[in-house]
Amino acid sequence: MIIWLLIAIVLFVLIPIMYINKIIVLSNRIDNAWSQIDVQLKKRADLVPNLVNTVKGYMKHERKIIEVVTKSREEMLKAGNNMKAIAKAESQLSSALKTIFALAENYPKLKSNENFKLLQEQLESIENKIAYARQFYNDSVLEYNNMVTTIPGVWFVGLTGKAKTREYFEAKDIERKPVKVDFE
């Protein structure tokens with residue numbers, strides 16, 4: 001009789017508690033991963049004005065690119081906590097920065113400028129951290145989505161008040177295209 005009572009407690013109390021806690025922990029991990037992406041994006045946005053000022057002197061006729069970088073940075077800062085708006089602005093900024101670095105190849109003095117080199121290294125480091133943070137975020141989303149869409153997790157997700165699934169951070173089409181530099 002006591003054994004059946006223990007089995008019932010495990011089946012109807014402990015297992016649901018374990019799954020509910022796991023779902024909440026995974027959801028919190030996703031929120032933390034998104035915060036890490038946001039931190040890196042803000043660091044990058046803070047470096048952009050310095051990069052733009054360094055590049056301006058060398059690329060006066062490339063105003064359009066500098067305007068795109070500045071506009072993208074402003075959009076990112078305005079996006080607040082809206083994940084889709086941040087992702088869109090981040091995608092535009094990534095593309096514009098790639099263009100600036102591609103153009104730098106055609107400006108030997110700019111390429112050898114110590115300030116530009118330092119900023120480029122810092123931005124490359126942040127880009128790598130952003131890529132890692134995106135990967136960690138998407139891995140966390142995968143683990144969470146697997147938990148809440150398979151049995152028995154699907155039975156308990158409703159009890160947590162958490163979303164049934166979470167969205168992945170996806171690169172926009174513009175990020176997948178190679179940078180084209182054209183001086184004509």
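The values are calculated or read from the model by the stated rules, or taken from the named source; none is laboratory data. In this text the structure is predicted, and so the values were computed from the model without any measurement. Don't worry about glycine lacking a Cβ; one is built from the backbone with ideal geometry, like all the others, and counts go over all protein chains shown.
State yes or no: is residue 114 under 25 Å from residue 51 (Cβ atoms), exposed (fewer than 14 other Cβ atoms within 10 Å of the Cβ) and of a type in the set (Asp, Glu)? Yes: the conditions hold for residue 114. crowded, with 17+ Cβ neighbours inside 10 Å, of a type in the set (Gly, Ala, Ser) and modelled with pLDDT of 80 or more - does that describe any residue in segment 130-150? Yes, because at least one residue in segment 130-150 is crowded, with 17+ Cβ neighbours inside 10 Å, of a type in the set (Gly, Ala, Ser) and modelled with pLDDT of 80 or more.
Which of the residues spanning segment 115-161 are among the hydroxyl-bearing types (Ser, Thr, Tyr) and in a helix (DSSP H, G or I)? 125, 132, 137, 140, 144, 149, 160 - these are the residues of segment 115-161 that are among the hydroxyl-bearing types (Ser, Thr, Tyr) and in a helix (DSSP H, G or I). Condition (residue is modelled with pLDDT under 85 and either among the small types (Gly, Ala, Ser) or outside any helix (DSSP H, G or I) (or both)) applied to segment 2-22: is it met by at least one residue? Checking segment 2-22: at least one residue is modelled with pLDDT under 85 and either among the small types (Gly, Ala, Ser) or outside any helix (DSSP H, G or I) (or both).
On the stretch given as segment 1-49, residues that are over 30 Å from residue 71 (Cα atoms), charged (D, E, K, R) and crowded, with 19+ Cβ neighbours inside 10 Å total 0. Note on segment 135-166: residues that are touching a Lys or Arg at 6+ places or on another chain (Cβ under 7 Å) and polar (S, T, N, Q) amount to 2. Within segment 33-58, the residues that satisfy the criterion of being within 30 Å of residue 158 (Cβ to Cβ) and either in contact with a Ser or Thr (Cβ under 8 Å, 6 or more places away or on another chain) or without any contact (Cβ under 8 Å) to a residue 12 or more places away in the chain (or both) are 33, 35.
Number of residues in segment 126-175 that are farther than 20 Å from residue 45 by Cα and of a type in the set (Asp, Glu) equals 4.
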